[in-house]
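*Asks:* Could you have a look at this structure, given as structure tokens, before my questions?
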Amino acid sequence: MTEPKRFHLAIAVADVAASVADYSQRLGQEPEVVIAGAYALWRTPQLNFSIRQTEPKQAGQLRHLGWEDPQAEAFKCDRDCNGILWERFTVAQQATAILELWPDTQYQP
């Protein structure tokens, strides 16, 4: 039996610390990784959810959607017919992308 895909949702936030507190309460768990002032990632059984700090006027906006897919052969990005960016990746591929952006992070999924 193959492992199911996990839906990925990424949004922009104005304040990572405040957002981590809020979304941790809403999701009922702490994030797997937090990069202070920049990024956080939660993985629940149903959802791969990330936040990234941006300009305050962009807070609350969708950054992209996607799938955490154990069958993904490579990290892939494309746009749908409405212009929404979709990503498809494995847990390891996402971890590699995080570590490329923030190499000092001690993230190991």
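Coordinate-derived values only; no laboratory data. Everything numeric in this text was worked out from a predicted model, so none of it was measured. Backbone-built Cβ (ideal geometry, glycine too); neighbour counts: all protein chains shown.
*Asks:* At 7 Å along the Cα-to-beta-carbon direction for both SER24 and ARG63, put a label point, then send me their distance in nm to one decimal.
*Replies:* Taking the two extended label points, one gets 1.8 nm.
*Asks:* Which distance in Å, rounded to a whole number, links the C-alpha centroids of the range 49-100 and the range 1-22?
*Replies:* Here the answer is 10 Å between Cα centres.
*Asks:* Only four residue types carry charge here, +1 at the Cβ of Lys and Arg and -1 at the Cβ of Asp and Glu. Report the dipole size of the range 6-101 about the Cα centre in Debye, rounded to the nearest 20.
*Replies:* 160
*Asks:* If the chain between GLU55 and LYS5 were fully stretched, how many nm would it gain, using 0.36 nm times the residue separation less the Cα-Cα distance?
*Replies:* So the chain would gain 14.9 nm between GLU55 and LYS5.
*Asks:* Could you line up HIS8, HIS64 from fewest to most neighbouring Cβ atoms inside 10 Å?
*Replies:* If I rank by nearby Cβ atoms, fewest first, I get HIS64, HIS8.
*Asks:* Go ahead and collect, in residue order, the members of the range 30-61 whose backbone nitrogen is under 11 Å from a label point 7 Å along the Cα-Cβ direction of ALA14.
*Replies:* 55-60
*Asks:* May I ask for the angle, rounded to the nearest 10°, between helix 91-101 and the longest principal axis of the chain, with both axes built from Cα atoms and the value confined to 0 to 90°?
*Replies:* 50
*Asks:* For a Förster distance of 30 Å, can you work out the FRET efficiency between the beta-carbons of ALA36 and TRP86, rounded to the nearest 0.05?
*Replies:* My answer for the efficiency is 0.60.
*Asks:* Quick check on the chain: helices-only [θ] at 222 nm, where DSSP H runs of length 4 and up contribute -39,500 (n - 2.57) each and the sum goes over total residues. Nearest 500, please.
*Replies:* Computed ellipticity for the chain at 222 nm equals -6500 deg cm²/dmol.
*Asks:* Relative contact order of the chain, please, whole-number percent, based on alpha carbon pairs below 8 angstrom and at least 6 residues apart.
*Replies:* Computed value for the chain: 27 percent relative contact order.
*Asks:* Let me ask something else. For the chain, what are the per-bin percents of Cα-Cα distances with bins 10 Å wide, up to the bin holding the maximum?
*Replies:* 14, 46, 35, 5, 0
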